[in-house]
Amino acid sequence: MAEIVNKEEKKKDPGTRESPEEKGQEERGRITRRKKMMEKRIRKARLMRGMLCLGLVALCVCTGVLAVSLMGKGGQGKNTAAKDGGARPGLMPGEGDVRPVRPVSEIVPKETAEVRRPRLDIPKIDALYGIHVQEKGWSHYFADHLYGMAPAGRYITGIRATLHNQPSDMTGTIQYQVNVSGKGWQDWSSDGQEAGDVAGGTHLEAVCMRLTGDLADYYDVLYSVLQNNIWTDWVKNGEEAGVSGMGQRVDGIRISVVRKQLEGTAYAGEIDPSKPMVALTYDDGPSQNATPRILAKLAECGGRATFFMVGNRAEKHGHLIRQMVAQGCEVANHTYDHTLMTKVPPAELESQLVRTNQVVFNASGVTPVVMRPCGGATNDAGMVVAGTISMPAILWSIDTLDWRTKDAESTISAVLDHVRDGDIILMHDLYTATADASDVVIPELVNRGYQLVTVSELSSYRGGLLPGRSYSQFRP
(Lines give C-alpha, C1' and ligand atoms only; values in the text may rest on other atoms or scores of the structure.)
Protein backbone atom coordinates (compact mmCIF):
# COMPACT_ATOMS: atom_id res chain seq x y z
CA MET A 1 0.00 0.00 0.00
CA ALA A 2 2.84 2.43 0.84
CA GLU A 3 4.36 1.81 -2.57
CA ILE A 4 1.12 2.71 -4.30
CA VAL A 5 0.74 5.89 -2.29
CA ASN A 6 4.27 6.97 -3.19
CA LYS A 7 3.56 6.50 -6.90
CA GLU A 8 0.41 8.67 -6.72
CA GLU A 9 2.27 11.38 -4.91
CA LYS A 10 4.92 11.40 -7.58
CA LYS A 11 2.23 12.05 -10.31
CA LYS A 12 0.81 14.99 -8.36
CA ASP A 13 4.21 16.53 -7.74
CA PRO A 14 4.90 19.12 -10.46
CA GLY A 15 8.53 18.71 -10.06
CA THR A 16 8.36 15.12 -10.92
CA ARG A 17 9.77 14.35 -14.36
CA GLU A 18 7.34 12.83 -16.92
CA SER A 19 8.09 9.62 -18.66
CA PRO A 20 8.85 9.60 -22.44
CA GLU A 21 5.51 7.89 -23.09
CA GLU A 22 3.59 10.65 -21.30
CA LYS A 23 5.50 13.35 -23.16
CA GLY A 24 4.64 11.73 -26.50
CA GLN A 25 0.95 11.63 -25.73
CA GLU A 26 0.90 15.29 -24.74
CA GLU A 27 2.78 16.33 -27.91
CA ARG A 28 0.43 14.40 -30.10
CA GLY A 29 -2.47 16.19 -28.41
CA ARG A 30 -0.92 19.58 -29.10
CA ILE A 31 -0.31 18.66 -32.75
CA THR A 32 -3.91 17.49 -33.13
CA ARG A 33 -5.22 20.76 -31.67
CA ARG A 34 -2.96 22.84 -33.97
CA LYS A 35 -4.21 20.86 -37.02
CA LYS A 36 -7.81 21.50 -36.10
CA MET A 37 -7.12 25.21 -35.63
CA MET A 38 -5.32 25.38 -39.01
CA GLU A 39 -8.12 23.52 -40.75
CA LYS A 40 -10.64 25.93 -39.24
CA ARG A 41 -8.61 28.93 -40.41
CA ILE A 42 -8.28 27.42 -43.92
CA ARG A 43 -12.03 26.84 -44.14
CA LYS A 44 -12.68 30.38 -43.01
CA ALA A 45 -10.19 31.76 -45.56
CA ARG A 46 -11.77 29.74 -48.34
CA LEU A 47 -15.20 31.00 -47.38
CA MET A 48 -13.98 34.60 -47.44
CA ARG A 49 -12.34 34.12 -50.86
CA GLY A 50 -15.55 32.56 -52.21
CA MET A 51 -17.64 35.46 -51.00
CA LEU A 52 -15.16 37.93 -52.47
CA CYS A 53 -15.25 36.16 -55.85
CA LEU A 54 -19.04 36.17 -55.90
CA GLY A 55 -19.02 39.87 -55.13
CA LEU A 56 -16.59 40.56 -57.96
CA VAL A 57 -18.67 38.53 -60.42
CA ALA A 58 -21.83 40.39 -59.43
CA LEU A 59 -20.03 43.72 -59.84
CA CYS A 60 -18.80 42.71 -63.32
CA VAL A 61 -22.27 41.62 -64.42
CA CYS A 62 -23.86 44.85 -63.24
CA THR A 63 -21.15 46.91 -64.94
CA GLY A 64 -21.65 45.00 -68.20
CA VAL A 65 -25.42 45.43 -68.16
CA LEU A 66 -25.06 49.15 -67.48
CA ALA A 67 -22.54 49.52 -70.32
CA VAL A 68 -24.76 47.70 -72.80
CA SER A 69 -27.73 49.82 -71.76
CA LEU A 70 -25.78 53.05 -72.23
CA MET A 71 -24.42 51.89 -75.59
CA GLY A 72 -27.92 50.98 -76.75
CA LYS A 73 -29.27 54.39 -75.80
CA GLY A 74 -26.38 56.11 -77.47
CA GLY A 75 -26.73 54.00 -80.62
CA GLN A 76 -30.31 55.13 -81.15
CA GLY A 77 -29.17 58.65 -81.66
CA LYS A 78 -25.74 57.88 -83.00
CA ASN A 79 -24.69 60.03 -85.90
CA THR A 80 -23.50 58.55 -89.15
CA ALA A 81 -20.85 60.69 -90.75
CA ALA A 82 -21.96 62.24 -94.03
CA LYS A 83 -20.06 61.06 -97.05
CA ASP A 84 -18.92 64.61 -97.79
CA GLY A 85 -16.82 64.40 -94.63
CA GLY A 86 -19.08 66.37 -92.30
CA ALA A 87 -21.09 64.86 -89.49
CA ARG A 88 -24.81 65.57 -89.44
CA PRO A 89 -25.59 68.15 -86.76
CA GLY A 90 -28.06 67.43 -84.02
CA LEU A 91 -27.59 63.67 -83.66
CA MET A 92 -25.79 63.48 -80.33
CA PRO A 93 -27.20 60.82 -78.00
CA GLY A 94 -30.21 62.03 -76.04
CA GLU A 95 -30.35 65.44 -77.72
CA GLY A 96 -33.79 66.96 -77.71
CA ASP A 97 -35.18 64.16 -75.55
CA VAL A 98 -36.77 66.16 -72.75
CA ARG A 99 -39.74 63.86 -72.25
CA PRO A 100 -40.55 62.70 -68.71
CA VAL A 101 -39.72 59.10 -67.93
CA ARG A 102 -43.00 57.17 -68.06
CA PRO A 103 -43.40 53.52 -67.07
CA VAL A 104 -44.63 51.25 -69.82
CA SER A 105 -47.57 50.30 -67.63
CA GLU A 106 -48.97 53.81 -68.08
CA ILE A 107 -49.26 53.29 -71.81
CA VAL A 108 -49.99 49.59 -72.29
CA PRO A 109 -52.05 47.22 -70.15
CA LYS A 110 -50.33 45.99 -66.97
CA GLU A 111 -50.13 42.40 -68.18
CA THR A 112 -48.05 43.54 -71.18
CA ALA A 113 -45.73 45.88 -69.30
CA GLU A 114 -42.94 43.39 -68.70
CA VAL A 115 -42.86 41.76 -72.13
CA ARG A 116 -43.36 43.97 -75.17
CA ARG A 117 -46.05 42.49 -77.43
CA PRO A 118 -46.50 43.02 -81.15
CA ARG A 119 -47.73 46.56 -81.27
CA LEU A 120 -51.36 45.69 -81.92
CA ASP A 121 -52.21 46.94 -78.41
CA ILE A 122 -51.63 50.57 -79.42
CA PRO A 123 -53.32 52.53 -82.23
CA LYS A 124 -51.83 52.85 -85.67
CA ILE A 125 -50.65 56.32 -86.59
CA ASP A 126 -49.78 57.72 -90.01
CA ALA A 127 -47.29 60.09 -91.56
CA LEU A 128 -48.52 62.94 -93.75
CA TYR A 129 -45.90 64.67 -95.87
CA GLY A 130 -45.36 67.07 -98.73
CA ILE A 131 -42.53 67.97 -101.08
CA HIS A 132 -41.28 71.24 -102.55
CA VAL A 133 -40.43 70.81 -106.23
CA GLN A 134 -38.04 72.88 -108.30
CA GLU A 135 -40.00 75.73 -109.94
CA LYS A 136 -43.33 74.14 -108.94
CA GLY A 137 -43.70 74.87 -105.23
CA TRP A 138 -45.27 72.79 -102.49
CA SER A 139 -47.37 69.73 -103.21
CA HIS A 140 -50.47 68.73 -101.32
CA TYR A 141 -49.92 66.27 -98.47
CA PHE A 142 -49.44 62.59 -99.30
CA ALA A 143 -50.80 59.79 -97.14
CA ASP A 144 -48.67 57.30 -95.22
CA HIS A 145 -46.72 54.87 -97.46
CA LEU A 146 -47.71 56.64 -100.69
CA TYR A 147 -45.30 58.22 -103.14
CA GLY A 148 -44.25 61.86 -103.07
CA MET A 149 -42.54 62.31 -106.44
CA ALA A 150 -41.31 65.30 -108.40
CA PRO A 151 -42.60 65.56 -111.98
CA ALA A 152 -40.47 63.83 -114.59
CA GLY A 153 -37.28 65.87 -115.15
CA ARG A 154 -37.56 67.86 -111.90
CA TYR A 155 -36.31 67.34 -108.36
CA ILE A 156 -37.14 67.96 -104.72
CA THR A 157 -35.79 71.02 -102.91
CA GLY A 158 -37.62 70.64 -99.60
CA ILE A 159 -39.84 68.39 -97.49
CA ARG A 160 -42.21 68.71 -94.56
CA ALA A 161 -43.98 66.04 -92.50
CA THR A 162 -46.41 65.63 -89.64
CA LEU A 163 -48.35 62.85 -87.91
CA HIS A 164 -52.00 61.82 -88.04
CA ASN A 165 -53.90 60.07 -85.22
CA GLN A 166 -51.13 60.45 -82.63
CA PRO A 167 -52.42 59.23 -79.22
CA SER A 168 -53.08 62.18 -76.95
CA ASP A 169 -51.26 60.55 -74.00
CA MET A 170 -48.02 59.95 -75.92
CA THR A 171 -45.32 62.61 -76.03
CA GLY A 172 -43.06 63.24 -79.01
CA THR A 173 -43.25 64.15 -82.68
CA ILE A 174 -41.64 63.40 -86.05
CA GLN A 175 -38.32 65.07 -86.90
CA TYR A 176 -36.51 65.16 -90.24
CA GLN A 177 -33.20 66.37 -91.57
CA VAL A 178 -32.05 66.94 -95.15
CA ASN A 179 -28.70 67.14 -96.90
CA VAL A 180 -28.74 70.03 -99.38
CA SER A 181 -26.29 69.65 -102.26
CA GLY A 182 -23.16 71.71 -101.61
CA LYS A 183 -24.44 72.86 -98.22
CA GLY A 184 -24.39 69.64 -96.20
CA TRP A 185 -26.73 68.49 -93.48
CA GLN A 186 -29.17 71.10 -92.21
CA ASP A 187 -30.61 71.40 -88.71
CA TRP A 188 -33.45 69.12 -87.67
CA SER A 189 -36.99 70.26 -88.45
CA SER A 190 -40.19 68.85 -86.98
CA ASP A 191 -43.97 68.60 -87.25
CA GLY A 192 -44.77 70.45 -90.47
CA GLN A 193 -41.77 72.78 -90.55
CA GLU A 194 -40.08 73.28 -93.90
CA ALA A 195 -36.69 71.63 -94.42
CA GLY A 196 -34.40 72.17 -97.40
CA ASP A 197 -33.48 74.98 -99.78
CA VAL A 198 -36.95 76.09 -100.76
CA ALA A 199 -35.93 79.64 -101.67
CA GLY A 200 -32.63 78.83 -103.38
CA GLY A 201 -33.84 75.83 -105.37
CA THR A 202 -30.87 73.56 -104.59
CA HIS A 203 -31.72 69.86 -104.72
CA LEU A 204 -31.66 67.47 -101.79
CA GLU A 205 -29.16 64.59 -101.71
CA ALA A 206 -30.30 62.58 -98.68
CA VAL A 207 -32.87 62.50 -95.89
CA CYS A 208 -32.98 61.30 -92.27
CA MET A 209 -36.04 60.94 -90.04
CA ARG A 210 -36.74 59.98 -86.44
CA LEU A 211 -39.46 59.98 -83.78
CA THR A 212 -39.06 61.50 -80.33
CA GLY A 213 -40.61 61.07 -76.89
CA ASP A 214 -42.91 58.15 -76.18
CA LEU A 215 -43.43 57.67 -79.92
CA ALA A 216 -39.83 56.50 -80.28
CA ASP A 217 -40.50 53.71 -77.77
CA TYR A 218 -43.53 52.29 -79.53
CA TYR A 219 -43.23 53.20 -83.22
CA ASP A 220 -40.68 53.13 -86.05
CA VAL A 221 -40.49 55.63 -88.89
CA LEU A 222 -39.41 54.07 -92.20
CA TYR A 223 -38.51 56.02 -95.33
CA SER A 224 -36.98 55.67 -98.78
CA VAL A 225 -35.95 58.09 -101.53
CA LEU A 226 -35.90 58.01 -105.32
CA GLN A 227 -32.40 58.60 -106.66
CA ASN A 228 -31.16 57.93 -110.21
CA ASN A 229 -34.59 56.46 -111.06
CA ILE A 230 -34.16 53.79 -108.38
CA TRP A 231 -35.93 53.67 -105.04
CA THR A 232 -33.51 53.02 -102.18
CA ASP A 233 -34.15 50.26 -99.67
CA TRP A 234 -36.26 51.21 -96.68
CA VAL A 235 -34.28 52.60 -93.74
CA LYS A 236 -35.52 53.71 -90.34
CA ASN A 237 -35.05 55.79 -87.19
CA GLY A 238 -32.24 58.21 -88.04
CA GLU A 239 -30.50 56.21 -90.77
CA GLU A 240 -29.50 57.96 -93.99
CA ALA A 241 -31.66 57.45 -97.09
CA GLY A 242 -29.85 58.45 -100.28
CA VAL A 243 -26.22 59.20 -101.04
CA SER A 244 -24.93 62.52 -99.70
CA GLY A 245 -21.87 64.41 -100.87
CA MET A 246 -21.97 62.98 -104.41
CA GLY A 247 -24.23 65.51 -106.11
CA GLN A 248 -27.03 63.01 -106.72
CA ARG A 249 -30.49 64.48 -106.38
CA VAL A 250 -33.59 63.23 -104.58
CA ASP A 251 -36.59 62.99 -106.92
CA GLY A 252 -39.05 61.27 -104.59
CA ILE A 253 -39.70 60.20 -101.02
CA ARG A 254 -42.06 57.83 -99.22
CA ILE A 255 -42.62 57.61 -95.45
CA SER A 256 -44.42 55.13 -93.20
CA VAL A 257 -44.88 55.13 -89.43
CA VAL A 258 -45.47 51.64 -88.04
CA ARG A 259 -45.87 49.96 -84.66
CA LYS A 260 -42.76 48.24 -83.32
CA GLN A 261 -42.79 44.44 -83.36
CA LEU A 262 -41.85 42.06 -80.55
CA GLU A 263 -40.02 39.76 -82.95
CA GLY A 264 -38.71 40.26 -86.48
CA THR A 265 -38.62 43.41 -88.55
CA ALA A 266 -41.22 46.16 -88.79
CA TYR A 267 -42.14 46.84 -92.42
CA ALA A 268 -43.64 49.87 -94.11
CA GLY A 269 -47.40 49.71 -94.09
CA GLU A 270 -47.12 46.80 -91.62
CA ILE A 271 -46.97 44.50 -94.65
CA ASP A 272 -44.85 41.34 -94.72
CA PRO A 273 -43.01 41.36 -98.08
CA SER A 274 -42.25 37.64 -97.76
CA LYS A 275 -45.95 36.77 -98.01
CA PRO A 276 -48.11 36.90 -101.16
CA MET A 277 -50.13 40.04 -101.81
CA VAL A 278 -52.62 41.37 -104.35
CA ALA A 279 -54.15 44.76 -105.06
CA LEU A 280 -57.92 44.96 -105.43
CA THR A 281 -58.86 48.04 -107.45
CA TYR A 282 -62.28 49.60 -108.04
CA ASP A 283 -63.03 52.07 -110.85
CA ASP A 284 -65.65 54.69 -111.69
CA GLY A 285 -67.03 55.32 -108.18
CA PRO A 286 -67.73 56.20 -105.53
CA SER A 287 -71.35 55.05 -105.38
CA GLN A 288 -73.71 54.95 -102.45
CA ASN A 289 -74.97 51.43 -103.19
CA ALA A 290 -71.69 49.50 -103.62
CA THR A 291 -68.76 51.45 -102.14
CA PRO A 292 -69.90 51.38 -98.48
CA ARG A 293 -70.41 47.60 -98.62
CA ILE A 294 -66.96 47.04 -100.10
CA LEU A 295 -65.35 49.26 -97.46
CA ALA A 296 -67.20 47.41 -94.71
CA LYS A 297 -65.99 44.02 -95.93
CA LEU A 298 -62.41 45.28 -96.24
CA ALA A 299 -62.54 46.60 -92.67
CA GLU A 300 -63.97 43.32 -91.42
CA CYS A 301 -61.15 41.31 -93.03
CA GLY A 302 -58.30 43.74 -92.36
CA GLY A 303 -57.72 44.47 -96.04
CA ARG A 304 -57.17 47.58 -98.15
CA ALA A 305 -57.94 48.47 -101.76
CA THR A 306 -57.33 51.24 -104.29
CA PHE A 307 -60.27 53.31 -105.55
CA PHE A 308 -59.79 55.02 -108.93
CA MET A 309 -62.45 57.69 -108.68
CA VAL A 310 -64.15 59.81 -111.30
CA GLY A 311 -63.99 63.42 -110.15
CA ASN A 312 -67.61 64.37 -110.78
CA ARG A 313 -68.74 61.42 -108.65
CA ALA A 314 -66.15 62.06 -105.96
CA GLU A 315 -67.55 65.57 -105.46
CA LYS A 316 -70.85 64.03 -104.28
CA HIS A 317 -69.38 61.46 -101.91
CA GLY A 318 -66.75 63.19 -99.80
CA HIS A 319 -67.73 61.14 -96.73
CA LEU A 320 -66.83 57.92 -98.57
CA ILE A 321 -63.45 59.34 -99.60
CA ARG A 322 -62.73 60.21 -95.98
CA GLN A 323 -63.73 56.69 -94.96
CA MET A 324 -61.34 55.24 -97.56
CA VAL A 325 -58.45 57.25 -96.14
CA ALA A 326 -59.40 56.39 -92.55
CA GLN A 327 -59.26 52.66 -93.42
CA GLY A 328 -55.85 52.93 -95.11
CA CYS A 329 -57.21 52.50 -98.63
CA GLU A 330 -55.63 54.40 -101.51
CA VAL A 331 -57.53 57.22 -103.17
CA ALA A 332 -56.63 57.41 -106.86
CA ASN A 333 -57.47 59.35 -110.04
CA HIS A 334 -59.67 58.21 -112.96
CA THR A 335 -60.10 61.66 -114.61
CA TYR A 336 -62.95 64.05 -113.88
CA ASP A 337 -65.45 63.02 -116.58
CA HIS A 338 -64.20 59.47 -117.36
CA THR A 339 -62.28 60.88 -120.30
CA LEU A 340 -60.16 58.64 -122.52
CA MET A 341 -56.53 59.71 -122.74
CA THR A 342 -56.52 59.01 -126.47
CA LYS A 343 -59.58 61.17 -127.22
CA VAL A 344 -58.59 64.56 -125.80
CA PRO A 345 -55.68 66.98 -126.29
CA PRO A 346 -52.90 66.81 -123.66
CA ALA A 347 -54.01 70.08 -122.06
CA GLU A 348 -57.53 68.73 -121.51
CA LEU A 349 -56.20 65.50 -120.00
CA GLU A 350 -54.00 67.47 -117.61
CA SER A 351 -56.96 69.61 -116.59
CA GLN A 352 -59.06 66.50 -115.92
CA LEU A 353 -56.39 64.91 -113.73
CA VAL A 354 -55.49 68.06 -111.80
CA ARG A 355 -59.15 68.84 -111.15
CA THR A 356 -59.84 65.36 -109.77
CA ASN A 357 -56.74 65.52 -107.55
CA GLN A 358 -58.09 68.75 -106.08
CA VAL A 359 -61.54 67.26 -105.47
CA VAL A 360 -60.05 64.33 -103.59
CA PHE A 361 -57.73 66.56 -101.60
CA ASN A 362 -60.58 68.89 -100.66
CA ALA A 363 -62.56 65.93 -99.33
CA SER A 364 -59.82 64.04 -97.50
CA GLY A 365 -56.72 66.21 -97.02
CA VAL A 366 -54.52 63.88 -99.11
CA THR A 367 -53.89 63.85 -102.82
CA PRO A 368 -53.87 60.90 -105.26
CA VAL A 369 -50.46 59.79 -106.52
CA VAL A 370 -51.53 57.24 -109.17
CA MET A 371 -54.00 57.41 -112.07
CA ARG A 372 -55.75 54.86 -114.26
CA PRO A 373 -56.32 55.60 -117.95
CA CYS A 374 -60.01 55.19 -118.75
CA GLY A 375 -60.56 52.01 -120.74
CA GLY A 376 -56.87 51.25 -120.33
CA ALA A 377 -56.16 53.37 -123.41
CA THR A 378 -52.80 55.20 -123.47
CA ASN A 379 -50.67 57.13 -125.90
CA ASP A 380 -47.29 58.84 -125.71
CA ALA A 381 -48.68 62.36 -125.35
CA GLY A 382 -50.99 61.31 -122.55
CA MET A 383 -48.22 59.52 -120.67
CA VAL A 384 -46.07 62.65 -120.87
CA VAL A 385 -48.93 64.54 -119.23
CA ALA A 386 -49.10 61.95 -116.46
CA GLY A 387 -45.36 62.34 -115.92
CA THR A 388 -45.58 66.12 -115.69
CA ILE A 389 -47.97 65.83 -112.75
CA SER A 390 -45.88 63.10 -111.07
CA MET A 391 -48.32 60.24 -111.74
CA PRO A 392 -47.73 56.67 -112.93
CA ALA A 393 -50.46 54.92 -114.90
CA ILE A 394 -51.89 51.76 -113.32
CA LEU A 395 -53.45 49.08 -115.55
CA TRP A 396 -54.37 45.54 -114.42
CA SER A 397 -53.54 41.84 -114.78
CA ILE A 398 -57.03 40.43 -114.04
CA ASP A 399 -60.08 42.02 -115.68
CA THR A 400 -63.25 40.66 -114.07
CA LEU A 401 -65.51 42.27 -116.75
CA ASP A 402 -67.96 42.94 -113.94
CA TRP A 403 -69.20 46.02 -115.78
CA ARG A 404 -70.35 43.78 -118.63
CA THR A 405 -71.68 40.71 -116.83
CA LYS A 406 -73.08 42.37 -113.68
CA ASP A 407 -73.02 38.84 -112.31
CA ALA A 408 -71.49 38.11 -108.91
CA GLU A 409 -70.64 34.46 -109.66
CA SER A 410 -68.83 35.42 -112.85
CA THR A 411 -66.80 38.07 -111.01
CA ILE A 412 -65.93 35.65 -108.19
CA SER A 413 -64.74 33.06 -110.68
CA ALA A 414 -62.69 35.60 -112.64
CA VAL A 415 -60.72 36.40 -109.49
CA LEU A 416 -60.46 33.16 -107.54
CA ASP A 417 -59.77 30.91 -110.55
CA HIS A 418 -56.83 33.01 -111.78
CA VAL A 419 -55.34 35.05 -108.93
CA ARG A 420 -51.57 35.02 -108.38
CA ASP A 421 -49.12 36.84 -106.15
CA GLY A 422 -48.61 40.38 -107.45
CA ASP A 423 -51.87 40.70 -109.41
CA ILE A 424 -53.76 43.96 -109.87
CA ILE A 425 -57.47 43.07 -110.06
CA LEU A 426 -59.94 45.34 -111.86
CA MET A 427 -63.53 45.77 -110.62
CA HIS A 428 -66.03 48.65 -110.47
CA ASP A 429 -67.69 49.91 -107.29
CA LEU A 430 -70.87 50.94 -109.13
CA TYR A 431 -72.75 47.66 -109.14
CA THR A 432 -74.55 45.70 -106.47
CA ALA A 433 -73.27 42.50 -108.09
CA THR A 434 -69.69 43.69 -107.58
CA ALA A 435 -70.38 44.34 -103.90
CA ASP A 436 -71.90 40.84 -103.67
CA ALA A 437 -68.80 39.38 -105.31
CA SER A 438 -66.53 41.34 -102.98
CA ASP A 439 -68.33 39.84 -99.97
CA VAL A 440 -66.99 36.47 -101.15
CA VAL A 441 -63.68 37.41 -102.81
CA ILE A 442 -62.23 39.52 -99.99
CA PRO A 443 -62.44 36.94 -97.16
CA GLU A 444 -61.51 34.06 -99.47
CA LEU A 445 -58.31 35.79 -100.61
CA VAL A 446 -57.42 36.36 -96.96
CA ASN A 447 -58.15 32.70 -96.21
CA ARG A 448 -55.75 31.73 -99.00
CA GLY A 449 -52.98 33.73 -97.35
CA TYR A 450 -53.00 36.86 -99.55
CA GLN A 451 -52.40 40.28 -98.05
CA LEU A 452 -54.90 42.77 -99.52
CA VAL A 453 -52.84 45.91 -100.13
CA THR A 454 -53.02 49.09 -102.16
CA VAL A 455 -51.28 49.55 -105.50
CA SER A 456 -48.67 51.81 -103.95
CA GLU A 457 -48.04 49.34 -101.13
CA LEU A 458 -47.73 46.41 -103.54
CA SER A 459 -45.30 48.27 -105.76
CA SER A 460 -43.18 49.50 -102.83
CA TYR A 461 -41.77 45.99 -102.29
CA ARG A 462 -41.61 45.08 -105.98
CA GLY A 463 -39.43 47.79 -107.51
CA GLY A 464 -41.48 50.96 -106.96
CA LEU A 465 -43.25 53.41 -109.26
CA LEU A 466 -41.97 56.19 -111.54
CA PRO A 467 -43.91 59.14 -113.01
CA GLY A 468 -45.08 58.68 -116.59
CA ARG A 469 -44.63 54.89 -116.56
CA SER A 470 -47.41 52.28 -116.79
CA TYR A 471 -47.73 49.11 -114.66
CA SER A 472 -50.10 46.14 -114.83
CA GLN A 473 -48.69 43.77 -112.17
CA PHE A 474 -45.92 43.41 -109.59
CA ARG A 475 -44.64 39.85 -109.49
CA PRO A 476 -42.19 38.83 -106.75
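Please list, ordered by chain and number, the residues whose modelled amide H lies under 5 Å from the amide H of Tyr141; skip anything fewer than 5 residues away on the same chain.
Residues meeting the amide H criterion: Thr367.
Roughly speaking, what % of Cα-Cα pairs in segment 318-450 are separated by over 24 Å, rounded to a whole number?
Pairs farther apart than 24 Å: 39 percent.
Using θ = phi - 60° and the Karplus relation 6.51 cos²θ - 1.76 cosθ + 1.60, list the HN-Hα couplings for segment 209-214 in order, rounded to whole Hz, with x at every Gly or Pro.
For segment 209-214, the Karplus-derived couplings read 9, 7, 9, 10, x, 4 Hz, x marking Gly and Pro.
What is the Cα centroid distance between segment 414-466 and segment 119-165, reported in whole angstrom?
25 Å
Calculate, axis by axis, the spread of Cα positions in segment 418-460 along the three principal axes, and write the results as whole Å, longest axis first.
The Cα atoms of segment 418-460 stretch 31, 21, 16 Å along the principal axes, largest first.
Please compute the contact order of segment 286-336 in relative form: average sequence separation of alpha-carbon pairs under 8 Å and at least six residues apart, divided by the residue count, as a percent.
It rounds to 45 percent for segment 286-336.
Output ³J(HN,Hα) for segment 328-333: one whole-Hz value per residue in order, computed from phi by the Karplus curve 6.51 cos²θ - 1.76 cosθ + 1.60 with θ = phi - 60°, and x for Gly and Pro.
x, 6, 9, 8, 9, 10
Give me the Kirkwood hydrodynamic radius of segment 251-299, using the inverse of the mean 1/r over all pairs of distinct Cα atoms, in Å to one decimal.
The answer is 14.2 Å.
Taking H placed 1.01 Å from N in the peptide plane, check which residues at least 5 places from Gly172 or on another chain put their amide H under 5 Å from its amide H.
Asp214
Taking 1 over the mean of 1/r across every pair of different Cα atoms in segment 373-455, what Kirkwood radius in Å do you get?
So the Kirkwood estimate lands at 14.2 Å.
Express the Stokes-Einstein translational diffusion coefficient of segment 298-390 in µm² s⁻¹, to the nearest whole number, given a Kirkwood radius over alpha-carbon pairs, 25 °C and a viscosity of 0.890 mPa s.
Rounded to a whole number, D works out at 183 µm²/s.
Would you please give the residues with an amide H less than 5 Å from that of Ser472, counting only those at least 5 places away or on a separate chain, with H modeled from the backbone geometry?
Leu395
Step through the residues of segment 384-398 one at a time and calculate ³J(HN,Hα) from phi using the Karplus curve (6.51 cos²θ - 1.76 cosθ + 1.60, θ = phi - 60°), rounding each to whole Hz and writing x for Gly and Pro.
Karplus values, whole Hz, x for Gly and Pro: 5, 4, 4, x, 6, 10, 6, 10, x, 9, 10, 9, 7, 10, 10.
Given segment 307-358 reduced to its alpha-carbon atoms as identical point scatterers, what log10 I(q)/I(0) does the Debye formula return at q = 0.29, 0.30 Å⁻¹?
-1.08, -1.13
Quick one: putting +1 on the C-beta of Lys and Arg, -1 on the C-beta of Asp and Glu, what dipole do you get for segment 231-347 around its Cα centre, in Debye to the nearest 20?
Once rounded to the nearest 20, the dipole reads 300 debye.
Could you state the accessible area per residue of segment 306-356 in Å², with a 1.4 Å probe and every protein chain left in place?
With all protein chains present, segment 306-356 gives 42 Å² per residue.
Between their Cα atoms, which of Lys124/Lys297; Lys316/Lys343; Lys136/Lys260; Lys136/Lys275; Lys297/Lys406; Lys136/Lys297 are more than 28 Å away from each other?
In this structure, Lys136/Lys260; Lys136/Lys275; Lys136/Lys297 exceed 28 Å between Cα atoms.
On the accessible surface of segment 319-364, probed at 1.4 Å, how many percent belong to carbon and sulfur atoms?
Percent of accessible area from carbon and sulfur atoms in segment 319-364: 53.
Using the scaling law 2.2 N^0.38 Å as the reference, what is the normalised Cα Rg of segment 199-242?
Output field value: 1.36.
What trypsin sites (Lys or Arg not before Pro) does segment 373-465 have in DSSP loop regions with at most 12 other beta carbons within 10 Å?
Arg448
The values are calculated or read from the model by the stated rules, or taken from the named source; none is laboratory data. From a predicted model like this one, the values you see are computed outputs, not experimental measurements. Don't worry about glycine lacking a Cβ; one is built from the backbone with ideal geometry, like all the others, and counts go over all protein chains shown. Each accessible area value is taken on the protein alone, full model and side chains, heavy atoms only, with ligands, DNA and RNA left out. Shrake-Rupley method; radii C 1.70, N 1.55, O 1.52, S 1.80 Å.
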